[in-house]
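Notes for the one structure printed next.
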Amino acid sequence: MRKVLSGLAVVAGLAMTTACATVATDGPGAGAAIPAPAAPAGAQQVTVTVGSSMQFAPASLVVRAGQRVELTLRNGGGLPHDFVLADGASHPVKIEAQGGQTARGAFTVDTPGAYVFVCTVPGHAAAGMRGTLMAR
(Lines give C-alpha, C1' and ligand atoms only; values in the text may rest on other atoms or scores of the structure.)
Protein backbone atom coordinates (compact mmCIF):
# COMPACT_ATOMS: atom_id res chain seq x y z
CA MET A 1 0.00 0.00 0.00
CA ARG A 2 2.84 2.39 0.87
CA LYS A 3 4.44 1.80 -2.59
CA VAL A 4 1.13 2.56 -4.32
CA LEU A 5 0.73 5.83 -2.40
CA SER A 6 4.35 6.82 -3.16
CA GLY A 7 3.75 6.11 -6.85
CA LEU A 8 0.59 8.21 -6.84
CA ALA A 9 2.44 11.10 -5.20
CA VAL A 10 5.12 11.00 -7.93
CA VAL A 11 2.48 10.92 -10.69
CA ALA A 12 0.60 13.83 -9.08
CA GLY A 13 3.81 15.83 -8.79
CA LEU A 14 4.64 15.22 -12.45
CA ALA A 15 1.13 16.21 -13.51
CA MET A 16 1.39 19.46 -11.56
CA THR A 17 4.81 20.22 -13.06
CA THR A 18 3.54 19.51 -16.57
CA ALA A 19 0.44 21.64 -16.04
CA CYS A 20 2.54 24.58 -14.87
CA ALA A 21 4.80 24.40 -17.92
CA THR A 22 2.04 24.13 -20.55
CA VAL A 23 1.47 27.11 -22.85
CA ALA A 24 -1.97 27.45 -24.48
CA THR A 25 -1.73 28.16 -28.20
CA ASP A 26 -5.40 27.60 -29.03
CA GLY A 27 -8.70 27.75 -27.22
CA PRO A 28 -9.86 30.44 -24.80
CA GLY A 29 -6.36 31.51 -23.75
CA ALA A 30 -4.96 31.77 -27.28
CA GLY A 31 -3.25 35.04 -28.01
CA ALA A 32 -3.12 36.04 -24.35
CA ALA A 33 0.13 37.27 -22.86
CA ILE A 34 1.77 34.28 -21.22
CA PRO A 35 4.68 34.76 -18.79
CA ALA A 36 7.72 32.67 -19.69
CA PRO A 37 8.61 30.00 -17.14
CA ALA A 38 12.19 29.89 -15.89
CA ALA A 39 14.29 26.92 -16.99
CA PRO A 40 16.59 25.19 -14.49
CA ALA A 41 19.62 27.10 -15.82
CA GLY A 42 17.75 30.39 -15.40
CA ALA A 43 16.81 30.95 -19.04
CA GLN A 44 13.19 31.72 -19.89
CA GLN A 45 11.70 29.13 -22.26
CA VAL A 46 9.25 30.57 -24.80
CA THR A 47 7.51 28.72 -27.65
CA VAL A 48 5.81 30.54 -30.51
CA THR A 49 3.81 28.65 -33.13
CA VAL A 50 3.20 29.85 -36.69
CA GLY A 51 1.41 28.27 -39.63
CA SER A 52 -0.80 29.07 -42.57
CA SER A 53 -3.03 31.52 -40.63
CA MET A 54 -0.46 34.38 -40.81
CA GLN A 55 -0.49 34.78 -37.01
CA PHE A 56 1.90 34.20 -34.14
CA ALA A 57 0.47 32.11 -31.30
CA PRO A 58 0.63 33.57 -28.78
CA ALA A 59 0.78 37.09 -30.22
CA SER A 60 1.80 38.60 -26.85
CA LEU A 61 4.77 37.45 -24.79
CA VAL A 62 5.95 38.51 -21.34
CA VAL A 63 9.62 38.06 -20.38
CA ARG A 64 11.92 39.29 -17.64
CA ALA A 65 14.29 42.08 -18.70
CA GLY A 66 17.94 41.19 -18.25
CA GLN A 67 17.34 37.41 -18.31
CA ARG A 68 18.18 35.16 -21.27
CA VAL A 69 15.20 34.06 -23.40
CA GLU A 70 15.38 30.78 -25.31
CA LEU A 71 12.73 30.96 -28.02
CA THR A 72 11.44 27.98 -30.01
CA LEU A 73 9.67 28.83 -33.28
CA ARG A 74 7.43 25.98 -34.47
CA ASN A 75 6.24 26.29 -38.05
CA GLY A 76 3.29 23.99 -38.69
CA GLY A 77 2.51 25.48 -42.12
CA GLY A 78 4.03 25.01 -45.54
CA LEU A 79 5.55 28.48 -45.97
CA PRO A 80 8.74 29.77 -44.34
CA HIS A 81 8.29 32.19 -41.43
CA ASP A 82 10.57 34.06 -39.08
CA PHE A 83 10.48 35.80 -35.72
CA VAL A 84 12.25 39.17 -35.85
CA LEU A 85 12.72 41.45 -32.85
CA ALA A 86 14.49 44.59 -34.07
CA ASP A 87 14.36 46.58 -30.82
CA GLY A 88 14.85 45.72 -27.15
CA ALA A 89 17.67 43.20 -27.40
CA SER A 90 21.32 44.21 -27.58
CA HIS A 91 21.38 42.83 -31.16
CA PRO A 92 18.46 42.34 -33.56
CA VAL A 93 16.96 38.86 -33.25
CA LYS A 94 15.98 36.74 -36.28
CA ILE A 95 14.88 33.12 -35.92
CA GLU A 96 13.82 31.43 -39.17
CA ALA A 97 11.82 28.20 -39.60
CA GLN A 98 11.03 26.61 -42.93
CA GLY A 99 7.60 25.04 -43.46
CA GLY A 100 7.07 22.10 -41.11
CA GLN A 101 10.31 22.84 -39.23
CA THR A 102 11.25 24.07 -35.75
CA ALA A 103 14.02 26.59 -35.09
CA ARG A 104 15.54 27.93 -31.87
CA GLY A 105 17.40 31.04 -30.85
CA ALA A 106 18.37 32.93 -27.72
CA PHE A 107 18.48 36.59 -26.77
CA THR A 108 18.21 38.94 -23.80
CA VAL A 109 15.96 41.98 -23.63
CA ASP A 110 18.02 44.52 -21.74
CA THR A 111 15.47 47.21 -20.88
CA PRO A 112 11.88 46.86 -19.62
CA GLY A 113 9.29 47.96 -22.16
CA ALA A 114 6.99 46.86 -24.98
CA TYR A 115 8.60 45.73 -28.23
CA VAL A 116 7.10 44.60 -31.53
CA PHE A 117 8.10 41.35 -33.23
CA VAL A 118 7.17 40.51 -36.84
CA CYS A 119 7.60 37.98 -39.61
CA THR A 120 9.76 39.64 -42.27
CA VAL A 121 8.85 37.28 -45.11
CA PRO A 122 7.43 39.70 -47.73
CA GLY A 123 3.75 40.41 -47.10
CA HIS A 124 3.49 38.41 -43.86
CA ALA A 125 3.62 41.32 -41.36
CA ALA A 126 1.08 43.23 -43.46
CA ALA A 127 -1.17 40.13 -43.35
CA GLY A 128 -1.09 40.15 -39.53
CA MET A 129 2.10 38.36 -38.52
CA ARG A 130 3.11 40.70 -35.73
CA GLY A 131 3.05 40.59 -31.97
CA THR A 132 4.19 42.30 -28.79
CA LEU A 133 6.93 41.28 -26.40
CA MET A 134 6.63 42.89 -22.95
CA ALA A 135 9.81 42.92 -20.89
CA ARG A 136 9.33 43.59 -17.17
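If you line up the Cα atoms of region 73-136 on their principal axes, what length do they span on each, largest first, in Å?
Dimensions of region 73-136 along the principal axes of its Cα atoms: 35, 24, 17 Å.
Leaving ligands, DNA and RNA out of it, rank Asp87, Asp82 by accessible area with a 1.4 Å probe, largest first.
On the way: Asp87 105, Asp82 5 Å².
From most exposed to least exposed: Asp87, Asp82.
Positive end of the dipole of region 63-136, charges at C-beta (+1 Lys, Arg; -1 Asp, Glu), about the Cα centre: which of Ile95, Ala127, Gly113 has its Cα farthest in that direction?
Gly113
So what are the radius of gyration and Dmax for the Cα set of region 60-102, in Å?
11.8, 35
For a quick check: with amide H placed at 1.01 Å from N, whose amide H comes under 5 Å from Thr120's, ignoring anything fewer than 5 positions away on the same chain?
For Thr120, the qualifying residues are Asp82, Val84.
The values are calculated or read from the model by the stated rules, or taken from the named source; none is laboratory data. In this text, all values refer to a predicted model and were calculated from it rather than measured experimentally. A quick note on method: Cβ atoms are made from the backbone with ideal geometry, for glycine too, and the neighbour counts reach across all protein chains shown. Quick note on the areas: whole protein, heavy atoms, side chains included, nothing else; ligands and nucleic acids left out. Shrake-Rupley method; radii C 1.70, N 1.55, O 1.52, S 1.80 Å.
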